[in-house]
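What follows is one structure encoded as structure tokens, with my remarks underneath.
The values are calculated or read from the model by the stated rules, or taken from the named source; none is laboratory data. Every value quoted in this text rests on a predicted model; they were computed, and no experiment measured them. Cβ sites come from the backbone with ideal geometry, for glycine too, and all protein chains shown count toward neighbours. Calculation scope for accessible area: heavy atoms of the full protein, side chains included, ligands and nucleic acids excluded. Shrake-Rupley method; radii C 1.70, N 1.55, O 1.52, S 1.80 Å.
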Amino acid sequence: MTAETWSPVVAGLGLGVALASAPGPVQAVLLGEAVRGGVPRGLQALAGASATFGTLLVSLALGLSVAAPSGLAFRILRVAGGALLIWLAVEGIRSAGEAVRGSSERRTLPPVARGALAVLVNPGAWLFLGAVASPLLGSASRLGGRGTAVIAALALMAGAALGDVGVVLVGGMGIRRAGLRVQTWVRRGLGVVLAGLGVWLVTQGVMGT
């Protein structure tokens, strides 16, 4: 591979790191899971998010066409994503209260599934795939074939995962060590943030703005 051929791969890695550094619903979910169950639970959620995002990226690299969502499809995606965030917010706030009372964790959606859904119903993720990732991987394919495009897709996924590992470590090693009271308030605060994002997405989807 020539230097020109490698350029989309390097760009994909940097773009992935930059994507993870921008706070969003996925990062909020990862942080919440890490605070709730430590680094292992946070990494499980990250595995779900990365596997889902990586599958979509590799599919693009192999020729799947994804346009940035618009119109009715985008409105439905916003409502679905907002509803998920509201549900996660309510569940997170409720579980934080149970932790204070010393009750056991209820059976609920596994962290891997939470991470995957945080990507699948995230309107921003689909906009990124259609408007940013698709042109980048298309350029990689033209320069070095589909093999190069797949490598660029994996580099983008790896960059995003590396950035998100930092989020997991902050929640699982930093906030959890601050004590139960801090954990509880952080979890409730994250719940409020997720609920706010969810209400905003649902409102935007219903109003079509």
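Considering Ala28, Ala49, which residue is hydrophobic (A, V, I, L, M, F, W, C), buried (at least 23 other Cβ atoms within 10 Å of the Cβ) and assigned to a helix (DSSP H, G or I)?
The match here is Ala49.
Quick one: would you say Arg177 is open to solvent by 60 Å² or more (accessible area, probe 1.4 Å), among the charged types (D, E, K, R) and either touching a Ser or Thr at 6+ places or on another chain (Cβ under 8 Å) or assigned to a helix (DSSP H, G or I) (or both)?
Here the answer is yes, as Arg177 does meet what is asked.
Residues are listed down the side, and each one gets a yes or a no for (1) under 16 Å from the mean Cα position of the chain (by Cα); (2) within 19 Å of Leu117 (Cβ to Cβ):
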position	(1), (2)
Arg146	no, no
Ala149	no, no
Gly163	yes, no
Gly166	yes, no
Gly172	no, no
Gly179	no, no
Val186	no, no
Val193	yes, yes
Val202	no, yes
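Could you grab me the full set of residues in the range 103-129 that are small (Gly, Ala, Ser) and more than 16 Å from the chain's Cα centre (by Cα)?
Ser103, Ser104
Only one of these is open to solvent by less than 30 Å² (accessible area, probe 1.4 Å), in contact with an Asp or Glu (Cβ under 8 Å, 6 or more places away or on another chain) and either part of a helix (DSSP H, G or I) or more than 13 Å from Ala28 (Cα to Cα) (or both): Gly205, Gly171. Name it.
Every option except Gly171 fails the conditions.
Run down Ala153, Ala158, Ala195 and say which single residue is among the aliphatic types (A, V, I, L, M), closer than 16 Å to Ala20 by Cβ, open to solvent by 20 Å² or more (accessible area, probe 1.4 Å) and in a helix (DSSP H, G or I).
On inspection, the qualifying residue turns out to be Ala158.
What pairs can you find where one residue is in the range 8-22 and under 17 Å from Gly147 (Cβ atoms), the other is open to solvent by 50 Å² or more (accessible area, probe 1.4 Å) and assigned to a helix (DSSP H, G or I), and their Cβ atoms are less than 6 Å apart, with a gap of 6+ or different chains?
Sorted first by the residue in the range 8-22, then by its partner, the pairs are Val9/Ile151.
Just one of the numbered conditions (1) part of a helix (DSSP H, G or I); (2) under 17 Å from the mean Cα position of the chain (by Cα) is not true of Ser7; which one?
Result: Ser7 passes all but (2).
Counting only residues that are at pLDDT 85 or above and either among the small types (Gly, Ala, Ser) or surrounded by fewer than 16 Cβ atoms within 10 Å (Cβ to Cβ) (or both), which one in the range 104-115 is nearest to Leu56 (Cα to Cα)?
Of everything passing the filter in the range 104-115, Gly115 is nearest to Leu56 (Cα to Cα).
Only one residue in Gly171, Gly145 is in contact (Cβ under 8 Å) with a residue 24 or more places away in the chain and over 16 Å from Thr52 (Cα atoms). Which one?
Among Gly171, Gly145, only Gly171 is in contact (Cβ under 8 Å) with a residue 24 or more places away in the chain and over 16 Å from Thr52 (Cα atoms).
I'm trying to understand the selection: among the residues of the range 116-140, which are open to solvent by less than 40 Å² (accessible area, probe 1.4 Å) and in contact with a Ser or Thr (Cβ under 7 Å, 6 or more places away or on another chain)?
Selection gives Ala116, Val119, Ala140.
Six or more apart or on different chains, Cβ under 6 Å: which pairs go from a residue in the range 122-137 that's more than 12 Å from Ala153 (Cβ to Cβ) to one that's part of a helix (DSSP H, G or I) and basic (Lys, Arg)? Could you list them?
Pro123/Arg78
Identify, please: which residue in the range 66-103 is modelled with pLDDT under 70 and within 21 Å of Trp185 (Cβ to Cβ) and is, among those, most open to solvent (accessible area, probe 1.4 Å)?
Arg101
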